[in-house]
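Data block below; observations after.
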Amino acid sequence: MTIDFHTHIFPEKISAAVIDKLSRTSRTPAFTDGTLDGLKKSMLAAQIDLSIILPVATNKNQVEKINSSAAELNEKFSGKGVFSFGSIHPDCDNYREELSRVKNHGLKGIKIHPVYQDTNLDDVKFLRILDRAAELNLIVVTHAGLDIGFPGVVRCSPQMIKRVVETVGDFKFVATHMGGWKNWDDVLKILGGTKIFIDTAFSTDKIIPRSDFVWNADDLKLLDAAQFMTFAKIFGADRILFGTDSPWTSARTAIEFIKNLPLADVDKDKILGLNAKKLLND
């Protein structure tokens, strides 16, 4: 079973504009059109069984609508290969009630994005949210490390993640982009002893650039196989989740990277889906 734990879609009426804007900002091409239909076509081509959709609330006024829409999507497409998490914003005054609503709707978890939400992960506004999510046994997925669209900005560093874990305790916590995009040396030094999960989204092989922008060749480098194996050793295959960051990565290329690693088949199976299945069902 292959589960993509990290995907994004946008409403059809705005998807083209959003994809164009984000593609220009990141200087990378999209591999789908950003719609649900585009995601499902990509899944079929790559033989992905289930995709987790991770919406992001960029202001507090979006939260209730996003979570209601996520619940509606899950009801409509139950058993059809897609499942949406909810979202929360650090400025939500009613975060306790909204997280309870997320739980009651069966959304399984929430996505936060400290960069887009302009708040450090270890700020008290996030800490109270994470503490409440832990009480409710919700999975929390956070963008971690740098963001390709915000050069130099880190609002979720390995140090911040460590402080969160020390403050909140163990909970279902996923730090995306292998624990911190392009903060990987610190991830290995600081987070290896924790029980967090990390995902592979937009972190393996190399960035595929748009041809109409100039790139430094070194900036295109992501984790190669040898570096990935170091993460597998430090975190263990049980703590790594497969993710594509769709539409920003080719799903087939991302799967092939994992399949070609010098890992035991059982560990590849864990990364590609079994770990996610267990996390979702616990």
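If each DSSP helix of 4+ residues adds -39,500 (n - 2.57) and the sum is divided by the residues in the chain, what number results at 222 nm, nearest 500 deg cm²/dmol? Numbers along the way, then the final one.
Working: 11 runs with 113 residues, N = 282.
Computed ellipticity for the chain at 222 nm equals -12000 deg cm²/dmol.
Among residues other than T194 whose Cβ falls under 10 Å from its Cβ, what is the net charge (Lys/Arg +1, Asp/Glu -1)? Display every interim value, and only then the final one.
Numbers: positive: K162, K195, R239; negative: E166, D170.
It works out to a net charge of +1.
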For the range 163-282, I need the span (max minus min coordinate) of the C-alpha atoms along each principal axis, in Å, sorted largest to smallest. 45, 32, 25
Heavy-atom accessible area of the chain with neighbours in place, 1.4 angstrom probe: carbon+sulfur share in percent works out to 49
Rounded accessible area per residue of the range 22-128, 1.4 Å, Å²: 46
Extension gain (nm, one decimal) between A45 and K65, 0.36 nm per residue minus Cα-Cα: 4.1 nm
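Per residue Cα convex hull volume for the chain, in cubic angstrom? Mind showing how you got there, number by number?
Numbers: hull volume 33.4 nm³, N = 282.
With only Cα atoms used, the chain gives 118 Å³ per residue.
Could you sort I52, I14 by accessible area so the largest value comes first, with the probe set to 1.4 Å? It would help to have the intermediate numbers written out before the result.
Working: I52 0, I14 70 Å².
Reading off the accessible areas and sorting them downward yields I14, I52.
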Expressed in angstrom, Rg and Dmax over the Cα atoms of the range 1-103 are 14.5, 42
Simple spin-label estimate for E75 and K21 in nanometres, 7 Å along Cα-Cβ: 2.9
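Could you tell me what percent of the DSSP beta bridges with both partners in the range 77-173 are antiparallel, to the nearest 5? Intermediate values should be presented prior to the final figure.
Working: 2 of 9 bridges.
Around 20 percent of the beta bridges assigned by DSSP in the range 77-173 are antiparallel ones.
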Mean Cα-pair separation over length for the range 25-180, i.e. relative contact order, pairs under 8 Å, 6 or more apart, %: 19
I need the phi-derived Karplus couplings for the range 267-277: 6.51 cos²θ - 1.76 cosθ + 1.60, θ = phi - 60°, integer Hz, Gly and Pro marked x. 6, 4, 5, 4, 5, 6, x, 5, 4, 5, 4
Simple SL model, points at 7 angstrom along Cα→Cβ for T253 and D118; separation in nm is 3.4
Using modelled amide H (1.01 Å from N, peptide plane; none on Pro or chain starts), what sits under 5 Å from the amide H of L241, excluding residues fewer than 5 places away? I198, D199, T200
Under 5 Å between amide hydrogens, which residues at least 5 positions from H6 or on another chain qualify, with H placed 1.01 Å from N in the peptide plane? I52, T244, D245
Whose amide H sits under 5 Å from the amide H of S84, counting only residues 5 or more places off or on another chain, with H placed in the peptide plane? I53, N74
Between D238 and L220, what is the spin-label point distance in nm, taking each point 7 Å from the Cα along the Cα→C-beta axis? 3.9
Can you check what the net charge comes to around V115, using other residues whose Cβ is under 12 Å from the Cβ of V115 (Lys, Arg +1; Asp, Glu -1)? -1
Rounded to the angstrom and largest first, Cα extents along the principal axes for the range 76-176 equal 40, 28, 24
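The values are calculated or read from the model by the stated rules, or taken from the named source; none is laboratory data. Because the structure is predicted, anything quoted here is derived from the model rather than measured. Quick reminder, even Gly has a Cβ in these numbers, built from the backbone with ideal geometry, and neighbours come from all protein chains shown. Protein only, heavy atoms only, side chains kept; ligands, DNA and RNA dropped before computing areas. Shrake-Rupley method; radii C 1.70, N 1.55, O 1.52, S 1.80 Å.
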